[in-house]
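Structure incoming, see below.
The values are calculated or read from the model by the stated rules, or taken from the named source; none is laboratory data. Only a predicted model underlies this, so the values are computations on that prediction, with no experimental measurement involved. Here Cβ is always computed from backbone atoms with ideal geometry, including for glycine, and neighbour counts include all displayed protein chains. Surface accessibility is based on the protein's heavy atoms, side chains included, excluding ligands, DNA and RNA. Shrake-Rupley method; radii C 1.70, N 1.55, O 1.52, S 1.80 Å.
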Amino acid sequence: MSSVITDYIDCPQCGYPAQKDEYYVVGSTEANPLEGKISDESPLGKALLGKKIGDEVIVDAPAGELKFKI
């Protein structure tokens, strides 16, 4: 199982400006954040699934709530 999400993501509170990123939402055994492979079971993976350009995503992370705009 694998879904590719390629979009511009804006997350000012993350410390970086809008940028184009490519993430692969994969099964937990394939996950490797350094390679952009995000587990479908992770908070970010769950939040990204089914989203499209213009959607806003809120992820409850250990560092606090993170907001992304796709």
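With a point put 7 Å past each Cα toward its Cβ, work out how far Ala61 is from Ser42 in nm, to one decimal.
Going by the 7 Å Cα→Cβ label model, 1.0 nm.
How would you rank 35-43, 53-61, highest first, on the average number of other Cβ atoms within 10 Å across their residues?
Put in order of decreasing packing, that is 35-43, 53-61.
Let me ask another. Hey, any idea what % of the stretch 17-67's accessible area is carbon plus sulfur with a 1.4 Å probe?
Roughly 52 percent, rounded to a whole number.
Convert each backbone phi in the stretch 29-45 into a coupling constant with the Karplus relation 6.51 cos²θ - 1.76 cosθ + 1.60 (shift: θ = phi - 60°), then list the ³J(HN,Hα) values in order as whole Hz, x for Gly and Pro.
Using θ = phi - 60°, the values come out as 6, 9, 4, 7, x, 5, 9, x, 9, 9, 5, 5, 9, 6, x, 5, x Hz.
Residue-wise, which Karplus ³J(HN,Hα) couplings in Hz belong to the stretch 56-70, taking 6.51 cos²θ - 1.76 cosθ + 1.60, θ = phi - 60°, and x for glycine or proline?
With coefficients 6.51, -1.76 and 1.60, one gets 10, 10, 10, 10, 8, 10, x, 7, x, 6, 10, 10, 10, 10, 8 Hz.
Further, regarding this structure: Can you list the residues, at least 5 places off or on another chain, whose amide H is less than 5 Å from the amide H of Lys37, using H built in the peptide plane?
Tyr24, Asn32
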